[in-house]
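Each remark here refers to the structure printed beneath this line.
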Amino acid sequence: MKKMLGLLLLSLSAVALAAPDTQWLTVDNDVLAKIRPKLNKSVQTLYSAQGASVVEMSPAEIEQLGAVIHNELHRCGGFIAHDSYEEAQTALTSQGEMYFAKQAIFADYTINQAEVVRPIVAQVAETSIRNMIIKLSDFKTRYYKSETGVQSSEFIRDSWAALSKHRSDVKVELIKHKSWAQPSIVMTIEGSNLSEEIIILGGHADSIAGMFGGMARAPGADDNASGIATITEVIRVLMENNFKPRRTIQFMGYAAEEVGLLGSKDIAASYKEKSQKVIGVMQLDMTLNKGTADKDIVMMSDFTNAAQNEFLGKLIDEYVKVSWGYSRCGYGCSDHASWTANGYPASMPFESTMEDINHKIHTPNDTLQNAGGDAKHAAKFAKLATAFVVELAN
Ligand code: BES
Ligand code: ZN
């Protein structure tokens with residue numbers, strides 16, 4: 001008995017010693033099925049989700065796996081290595097989440113609110129958008145760690161509260177974050193009848209200027225005073241018309257986007273944690289500079305929901321009547337990616353294609369003057385966003 005225990009301890013410590021070397025791979029199921037018969041040692045599937053599996057392998061086995069994939073499937077890679085089982089499983093789950101967020105259909109996209117939408121959209125005014133851009137770019141910087149970064153968030157909160165002061169079904173709050181000073185802003189119009197279903201219109205409230213970080217002047221007129229001013233105009237026309245949605249609408253100004261989507265990551269993760277039912281998210285980040293001659297509104301097709309993007313195209317044709325198309329960021333370039341990563345459907349209608357991007361952003365020269373001097377381009381996005389929230393909320 002004693003001997004057996006000794007053996008057991010010995011083999012346990014052998015496992016413990018071997019453990020730091022082994023890695024947990026996430027492998028596509030099709031790849032795994034083809035290579036399994038060719039491997040020297042059988043591999044056990046530890047977890048499986050969304051067409052991929054987690055397997056544990058030693059460095060030698062991983063090397064053999066790489067060679068088999070290369071020789072048999074004539075491709076490289078095909079798997080991702082992780083340092084722990086938990087990390088591998090999370091990667092699969094969030095990839096699954098991401099897949100779901102991009103491909104699933106979250107709402108009824110029939111357009112049937114023309115009588116409500118048309119008169120409200122007609123009231124969108126270039127001047128009020130322009131004035132808000134000027135006020136926001138007047139803050140020296142809206143950098144997430146700066147004092148003026150905090151003040152600018154309070155200013156947005158006050159502006160939204162003033163527009164909705166006659167409404168008891170509307171509240172405007174600052175959302176504090178643990179690791180930095182600048183709060184996010186959230187305005188909620190409580191739905192009259194399907195209030196647990198939420199539609200979100202958001203954009204980032206912070207600005208940044210290159211390597212100077214918090215010190216430099218960062219007007220961020222295009223990036224992203226324009227998005228916040230566009231959202232503010234949607235709020236203005238909805239409140240002026242005393243619009244009361246059936247579902248809940250939330251307007252968001254995210255803190256700390258420029259340093260890694262931090263504010264929206266916090267918020268989207270907490271919504272998922274609380275199983276909040278978000279049926280549509282629109283991100284407005286840069287609506288000022290008309291960079292592409294033959295396209296007014298350009299939808300980013302990556303990190304976004306395909307069906308909702310198509311719906312936006314139809315809304316443009318119906319209510320905005322300007323040209324539109326698609327482009328790609330190529331990475332999670334703004335807060336819509338935080339919602340997508342948490343399994344929610346998001347879209348990002350953008351001011352130009354990626355090729356025609358405004359090169360003044362993230363510098364002290366990101367000004368209204370350098371982006372055309374008026375907010376005519378942004379007004380198109382205010383019309384689209386108004387149509388989006390009204391059609392989805394009713
Ligand atoms: N507004 C930009 C994103 C952007 C820039 C979209 C150019 C399309 C074209 C956003 O504020 C930003 O700067 N994002 C960061 C990424 C983020 C993860 C820090 C960026 O693009 O570097
Ligand atoms: Zn930026």
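The values are calculated or read from the model by the stated rules, or taken from the named source; none is laboratory data. The model shown is predicted, which means the values in this text are computed figures rather than measured ones. When we count neighbours, we look across all protein chains shown, and the Cβ atoms used for this are built from the backbone with ideal geometry, even at glycine. Side chains included, ligands, DNA and RNA excluded: accessible areas come from the protein's heavy atoms. Shrake-Rupley method; radii C 1.70, N 1.55, O 1.52, S 1.80 Å.
Considering only residues that are acidic (Asp, Glu) and within 13 Å of ligand 2 (Cβ to nearest atom), which ones fall in the stretch 223-257? I'd like the intermediate steps shown before the answer.
Looking only at the stretch 223-257, we keep the residues that are acidic (Asp, Glu), and these are 223, 233, 240, 257.
Those that are acidic (Asp, Glu) and within 13 Å of ligand 2 (Cβ to nearest atom): Asp223, Glu257.
Right, Gly330: within 16 Å of the chain's Cα centre (by Cα), of a type in the set (Gly, Ala, Ser) and open to solvent by 10 Å² or more (accessible area, probe 1.4 Å) or not?
Values: within 16 Å of the chain's Cα centre (by Cα): yes; of a type in the set (Gly, Ala, Ser): yes; open to solvent by 10 Å² or more (accessible area, probe 1.4 Å): yes.
Yes: the conditions hold for Gly330.
Suppose the filter is acidic (Asp, Glu) and in contact (Cβ under 8 Å) with a residue 12 or more places away in the chain; does Asp317 pass it?
Details: acidic (Asp, Glu): yes; in contact (Cβ under 8 Å) with a residue 12 or more places away in the chain: no.
Judged against the criteria, Asp317 is not a match.
When the residues of the stretch 365-383 are narrowed to those that are part of a loop (DSSP other than H, G, I, E, B) and away from ligand 2 (no atom under 14 Å from the Cβ), which ends up surrounded by the fewest Cβ atoms within 10 Å (Cβ to Cβ)? Steps first, please.
The first filter runs over the stretch 365-383 and keeps only residues part of a loop (DSSP other than H, G, I, E, B), leaving 365-368, 372-375.
Restricting the remaining residues to those that are away from ligand 2 (no atom under 14 Å from the Cβ) gives 367-368, 372-375.
Values: Thr367: 20, Leu368: 20, Gly372: 16, Gly373: 11, Asp374: 16, Ala375: 29.
Restricting to residues being part of a loop (DSSP other than H, G, I, E, B) and away from ligand 2 (no atom under 14 Å from the Cβ), the top hit is Gly373.
What number of residues within the stretch 314-336 are in contact with a Leu (Cβ under 8 Å, 6 or more places away or on another chain), within 14 Å of ligand 1 (Cβ to nearest atom) and at pLDDT 95 or above?
Total satisfying the criteria: 2.
Of the residues that make up the stretch 177-185, is at least one assigned by TED's automatic domain parsing to the domain that holds Ala375, open to solvent by less than 10 Å² (accessible area, probe 1.4 Å), more than 16 Å from ligand 1 (Cβ to nearest atom) and part of a strand (DSSP E or B)?
Within the stretch 177-185, one or more residues are assigned by TED's automatic domain parsing to the domain that holds Ala375, open to solvent by less than 10 Å² (accessible area, probe 1.4 Å), more than 16 Å from ligand 1 (Cβ to nearest atom) and part of a strand (DSSP E or B).
Hey, any hits in the stretch 230-240 for a residue that's surrounded by 24 or more Cβ atoms within 10 Å (Cβ to Cβ), within 16 Å of ligand 1 (Cβ to nearest atom) and within 25 Å of Thr386 (Cβ to Cβ)?
Yes; the residues of the stretch 230-240 include at least one that is surrounded by 24 or more Cβ atoms within 10 Å (Cβ to Cβ), within 16 Å of ligand 1 (Cβ to nearest atom) and within 25 Å of Thr386 (Cβ to Cβ).
What number of residues in the stretch 337-360 are more than 9 Å from ligand 1 (Cβ to nearest atom) and within 16 Å of Glu257 (Cβ to Cβ)?
The qualifying residues number 6.
Just give me the residues in the stretch 179-214 being free of Cβ contacts under 8 Å to residues at least 40 places away in the same chain and away from ligand 2 (no atom under 16 Å from the Cβ), in sequence order. Can you show your working first?
Of all residues in the stretch 179-214, those free of Cβ contacts under 8 Å to residues at least 40 places away in the same chain come to 181, 211-212.
If the condition is that a residue be free of Cβ contacts under 8 Å to residues at least 40 places away in the same chain and away from ligand 2 (no atom under 16 Å from the Cβ), then Ala181 is the only one that fits.
Within the stretch 88-105, which residues are within 26 Å of Thr26 (Cβ to Cβ) and either at pLDDT 90 or above or small (Gly, Ala, Ser) (or both)? Quick ask: steps written out before the conclusion?
Within the stretch 88-105, the first condition is being within 26 Å of Thr26 (Cβ to Cβ), and the residues that meet it are 88-104.
Selection gives Ala88, Ala91, Ser94, Gly96, Ala101, Lys102, Ala104.
When residues of the stretch 262-293 are filtered for being in a loop (DSSP other than H, G, I, E, B) and either open to solvent by less than 20 Å² (accessible area, probe 1.4 Å) or more than 10 Å from ligand 1 (Cβ to nearest atom) (or both), how many remain?
At the first step, the residues of the stretch 262-293 found to be in a loop (DSSP other than H, G, I, E, B) are 274-276, 284-293.
Then keep just the ones that are either open to solvent by less than 20 Å² (accessible area, probe 1.4 Å) or more than 10 Å from ligand 1 (Cβ to nearest atom) (or both); that gives 274-276, 284-290, 292-293.
So the answer is 12.
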